[in-house]
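Working notes, beginning with the structure itself.
The values are calculated or read from the model by the stated rules, or taken from the named source; none is laboratory data. On a predicted model such as this, the values are computed, not experimentally measured, just so you know. Virtual Cβ from ideal backbone geometry, glycine too; neighbours counted across all protein chains shown.
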Amino acid sequence: MFDPRSVAVVGASDNPQKWGYWLAAGALTGRHRRSVHLVNRRGGSLQGVPFLPGLDALPGALEHIVVAVPPSGVRQVVVDGVAAGARWFTVITSGAGAAAEDRELAALVTAHGGRLLGPNCMGVVDTGSDLRLTWGDFPRGEVGMVSQSGNLALETARLLARAGQGISRFVSLGNQSDIDAADALEALIPHPATRVIAAYVEDFRDGRRMARTLGAARAAGKPVLLLTAGRSEAAGRAAASHTGALVSAHATVAAVCRDAGALLLHGAGELVDTAVALLAPALPRGRRVAVAGDSGGQGALAADALTACGLDVPSLSLATAAAVADHLPPGSHAGNPVDLAGAGEADLANYVRISETLLASGDADAAVLTGYFGDYATANPAQERHECATAGALAALVTAHGRPLVVHSMARDTAALAVLRDHGVPVYERIEQTATALANAARWRAGSPEPPPVPLPAGRTAPRVPDGTYATMRALLCSYGVEFPAAVFVGTADEAARAARRTGYPVVLKAMGLAHKTEAGGVVLGLRDEAALCAAFGAVRAATGAASFAVEAMAAPPHAVELIAGVRRDPAFGPVVLAGLGGVTAELLADTALALAPLTVDRARRLLLSLRGAPLLTGWRGAPPVDLDAAATALVTLGHVALDHPELTDIEINPLLVHPGGALALDAHAVPSAPVTKGHHS
């Protein structure tokens, strides 16, 4: 795919307004390395290479075919290509057919031991082997790119070029009828010229395989910077459960990236900024950053930006502060951030002296130089040589001390900044870029990935659950060992009174058949006698119209915390377990953590402890800690229930009352998957 001995572009053109022209012109740049054949049945030529009428006219063996013909001709080209012995097909053509026709086209290729990229893709590039089968410019560099969006890949390549970097390989996925995102990423992991992997993926196909691929890249020391769409999906979905609202597709991808050690980012700009930081000669060993600025204002804003990104701007030790002060004007403050107070203008070498002091001190894991450096020669061209020499000396500090130096400059493209970039020192135009990129680099360096997720088991292992009602789910979860308060299901006030006498007062009355019972007035707590129960029964029935009710023993253990524990079945990643602060404020607080099922108890404990509200579980303001193992076991159990019952899309316990003596489920329900009807798929 990336370095064929021969390429044929079918649909080549001599018209620069057509794709066939750019594909053919790109293919011809690799003529020194491989045979290039251009095919167009109407004839013509490009750069002195004649167009051949068909694949049967090609001399010699053929490995890789690029298809850029009208949709009606795609299948015949593939048939002819397979007959000619080709095993790699890149299908640029869009609109070639429905998904079933795409799969049939891919099957035609794979049945003969080949692979197909596309259809509806922008092509493939390997800058190391001079393979350029696409539109646009992809300058050579160390970032491998996999994308379902061609334009996003072009934007990324241009931003990389402006930052002094470029592309090692680019794979445009298209419809992924055969080669998918995981295939393309796997091909980048062992590729020596690729040091950072960038990806834009919308359709993850086999999400668990993708998660394992991301983990394999991390294990190989190759950062994966991932972009995906859908951050606003949860806001627009009418969910039938809290879990359905909280476990969005984007939140699931974020959890997978966290566990696999990949970085989920927000746009092409952040991706490029982060890639440049990760390609630097040194990465931060921790989160401590020293700042040196040309002015107090720039230094202070840099410190704020770094802190907002989760980095630490610590005070300097007395020895470091004294060493910095030696290079500053009298009376200057040698704190962190360091205000150069004109020391740079007085002598450019002070930039080096102060930066070296900060990097050598051990007080910081990285240093940021913010302000005017890089722009001196713009106002005074005579300073260019001195400023470039200073830039080279700054770059040498990184190698000498093994800690990164990151430069924020108000200049854009100057000779001194080019020297920094040539030596791998990241240079950014805005301090926000600097802070975000450095924080992402530190996050990747400090990451501790979880074990890769197991493949989903095939087939159902338990009898199908008839519905997702409380009564049904309570019985199912009890059979897996989840504890609930004693309860009786009733239909009349007399039955409710008899049930309460059996369970003992106080009791809770719940109306059945409501997704959010509290909001609908379907739950009454702390009923202490029969009169209160009967009055509540009438009021709840009038408010909800329910025909069935549960009378349940009131549970109020001391020092209890309400959690939400749920599972949502993602179409790509399978069952996703959710843990969070629960009760009626679950969606308001949105303090949740996700992980793919199945979980171990240890993994579930770590999930709970990652919540912002975790101090409530470990003993807040003198309260005893709750039984974390009981809560973790409930999460593990929910994962197993979801694996055993694929007919349920959402399963939820809310609240799960966890207390020092255990965990008690106070409510539960599930959302069955929609039945498959003729002509439709679930």
**Q.** Those strands (runs of 3 or more DSSP E) lying entirely in segment 33-78 with at least 3 residues without any contact (Cβ under 8 Å) to a residue 60 or more places away in the chain and within 26 Å of A106 (Cα to Cα)
**A.** 35-39
Q. Do we have any residue at all in segment 336-352 that's touching a His at 6+ places or on another chain (Cβ under 7 Å), β-branched (V, I, T) and under 23 Å from C388 (Cβ atoms)?
A. no
Q: Would you mind listing the strands (runs of 3 or more DSSP E) fully within segment 85-143 where at least 1 residues are within 23 Å of R158 (Cβ to Cβ) and of a type in the set (D, E, K, R)?
A: 123-126, 131-134
**Q.** Residues located in segment 502-534, provided they are surrounded by 14 or more Cβ atoms within 10 Å (Cβ to Cβ) and assigned to a helix (DSSP H, G or I)
**A.** T503, E530, A532, L533, C534
Q) Counting residues that are free of Cβ contacts under 8 Å to residues at least 60 places away in the same chain and of a type in the set (D, E, K, R), which helices (runs of 4 or more DSSP H) fully inside segment 285-379 reach at least 2? A) 349-361
**Q.** Inter-residue pairs, beta-carbon under 7 Å, first farther than 12 Å from V143 by Cα and in segment 155-174, second polar (S, T, N, Q), 6+ apart
**A.** S172/T134; S172/S147; L173/S147; L173/Q148; G174/N120
Q: Just give me the residues in segment 546-568 being touching a Gly at 6+ places or on another chain (Cβ under 9 Å), assigned to a strand (DSSP E or B) and farther than 16 Å from I651 by Cα, in sequence order.
A: F549, A553, V561, E562
Q: Go over the candidates L594, L657, L648, L609 one by one and state the one that is in contact (Cβ under 8 Å) with a residue 60 or more places away in the chain and either farther than 22 Å from F484 by Cα or among the polar types (S, T, N, Q) (or both).
A: L594
Q) Does segment 288-307 include one or more residues that are modelled with pLDDT under 95, over 19 Å from T414 (Cα atoms) and of a type in the set (S, T, N, Q)? A) yes
Q: Could you check C388 against (1) closer than 24 Å to T320 by Cβ; (2) at pLDDT 95 or above and say which number it fails?
A: (1)
Q. (1) outside any loop (DSSP other than H, G, I, E, B); (2) modelled with pLDDT under 95; (3) crowded, with 19+ Cβ neighbours inside 10 Å: which one isn't true of L160, the others all being true?
A. (2)
Q | strands (runs of 3 or more DSSP E) contained entirely in segment 569-682, each with at least 3 residues that are on the phi > 0 side of the Ramachandran plot and of a type in the set (V, I, T) | A | none
Q) Exactly one of (1) over 19 Å from G296 (Cα atoms); (2) touching a Lys or Arg at 6+ places or on another chain (Cβ under 8 Å) is unmet by A367. Its number? A) (1)
(Q) Criterion first (under 25 Å from L160 (Cβ atoms), modelled with pLDDT of 95 or more and touching a strand residue (DSSP E or B) at 6+ places or on another chain (Cβ under 9 Å)) does A277 satisfy it? (A) yes
Q) Does G362 satisfy the condition of being at positive phi and more than 35 Å from the chain's Cα centre (by Cα)? A) no
Q. Given the conditions (1) surrounded by fewer than 20 Cβ atoms within 10 Å (Cβ to Cβ); (2) among the basic types (K, R); (3) within 24 Å of the chain's Cα centre (by Cα), and given that R569 satisfies all but one, which numbered condition is not satisfied?
A. (1)
(Q) I'd like the full set of residues that are free of Cβ contacts under 8 Å to residues at least 60 places away in the same chain, buried (at least 19 other Cβ atoms within 10 Å of the Cβ) and not in a strand (DSSP E or B), limited to segment 195-212. (A) V201
Q) Could we say that L311 is touching a Phe, Trp or Tyr at 6+ places or on another chain (Cβ under 9 Å) and surrounded by 15 or more Cβ atoms within 10 Å (Cβ to Cβ) here? A) no
Q: Within segment 440-479, count every residue that is farther than 30 Å from V406 by Cα and outside any loop (DSSP other than H, G, I, E, B).
A: 10
